[in-house]
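Engineer: Take a look at the following structure, please.
Read-outs: derived from the displayed coordinates by stated rules, not from any lab. All figures in this text were calculated on a predicted structure; none of them were measured in a lab. Cβ: placed from backbone, ideal geometry, glycine included. Neighbour counts: every protein chain shown.
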Amino acid sequence: MEPLFGVVLALILAVASPAHDSCTCATNKWAVCAQDGPGNCTCRLAGSDQPVDCSTLTSKCFLMKAEMTPPKEKRLWRPPHAVSDGDGIYNPDCEDSGVFKARQCNQSSSCWCVNSAGVRRTERGGRSLNCSELVRTRWIYIELTHKGSSNAFHAPDVAKALTQLLESRYKLHPKYIAAIKYNPPLIQIRLDQNKKPRWDVDIADVAYYFEKDVNNDSVFHANSKLNVSVNGDALAIEKLWIYYVDEKPPEFCMRQLAAGISAVVTVVLLTAAIGIAVLLILRWLRTRTYKKFECKEMREIKAPSLELP
């Protein structure tokens with residue numbers, strides 16, 4: 001009985017092992033997954049312990065929080081990249097739905113308001129700062145350049161390839177792709193999403209996934225490298241810029257803007273004063289040299305007249 005039991009156990013492990021290995025989240029490498037039943041895999045996100053829907057993109061807020069999680073908890077192969085909002089590093093506060101909370105704060109009790117893409121849209125303040133609403137980022141402009149290719153790309157082919165990429169890899173409905181323009185080597189993509197149904201991905205999440213792909217730090221599971229081809233020819237993306245446009249304009253304090261303008265005016269005035277001073281000194285030096293030369297000529301002329309008598 002014991003040899004037979006060993007054979008049966010080995011067969012069970014052989015069958016169960018591939019199932020366990022296949023329990024991964026295709027759209028999020030930071031998700032921790034576990035087999036909780038035959039053919040059923042549950043995944044949760046490190047850093048927030050939120051359940052992850054691996055059939056679509058994870059929200060940008062949850063991804064940023066996962067990036068701030070120590071590598072041991074995320075089970076990564078390398079340290080996480082710090083997430084910066086351009087003014088400092090912070091661990092974002094997210095709603096249970098995955099959207100950013102309107103007010104974000106860092107460890108130094110400095111707070112600011114963000115848009116739905118998590119980008120700062122106000123000056124920094126204290127804990128008393130009030131952010132009345134989460135302003136939606138309606139438009140996102142993506143600009144990128146590509147490396148040279150042996151074959152020239154045509155604008156319609158580039159637009160078709162990128163539309164297919166955004167739809168298949170990032171689950172973005174084509175109706176949110178407002179325009180794709182191509183002026184070699186520059187490609188411009190405009191995403192427009194006024195109101196988003198719950199089942200559609202957010203353009204801010206698409207832009208974040210795309211940015212991570214271009215920077216060779218893909219959020220997708222291992223061995224899912226970004227490859228873009230136009231009619232069979234590789235489109236090697238070289239540089240990327242992303243711009244966010246909100247439904248409402250940013251609310252930066254006029255006092256800070258005035259301080260910035262005053263600083264610029266001060267620099268301009270100092271530069272002008274230094275320039276005028278240099279010109280006056282140069283003019284004085286030229287005049288002084290001329291006078292010395294004129295006096296020397298007069299002495300040479302008068303000297304012979306004194307020796308004649």
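Engineer: From the phi of every residue in segment 167-184, what ³J(HN,Hα) in whole Hz does the Karplus formula 6.51 cos²θ - 1.76 cosθ + 1.60 yield, where θ is phi - 60° and glycine or proline is x?
Structural biologist: 7, 7, 7, 10, 6, 8, 5, x, 5, 8, 8, 6, 6, 9, 10, 10, 9, x
Engineer: Among 134-145, 241-252, 195-206, how do they line up by average Cβ neighbours within 10 Å per residue, starting with the highest?
Structural biologist: The packing order, highest mean first, is 134-145, 195-206, 241-252.
Engineer: Name the residues of segment 203-223 whose amide N is less than 12 Å from a point 7 angstrom out from the Cα of residue 24 along the C-beta direction?
Structural biologist: The answer is 220-223, whose backbone nitrogens lie closer than 12 Å to the label point.
Engineer: Just to be sure I understand the model, the point goes 7 Å from the Cα along the line to the Cβ. What's the resulting residue 106 to residue 128 distance in nm?
Structural biologist: 2.2 nm
Engineer: Quick check: net charge around residue 212, other residues with Cβ under 13 Å of its Cβ, Lys/Arg +1 and Asp/Glu -1?
Structural biologist: Once positives and negatives cancel, what remains is -1.
Engineer: At a 10 angstrom cut-off on C-beta neighbours, averaged per residue, how do the peptides 57-68, 272-283 rank from highest to lowest?
Structural biologist: 57-68, 272-283
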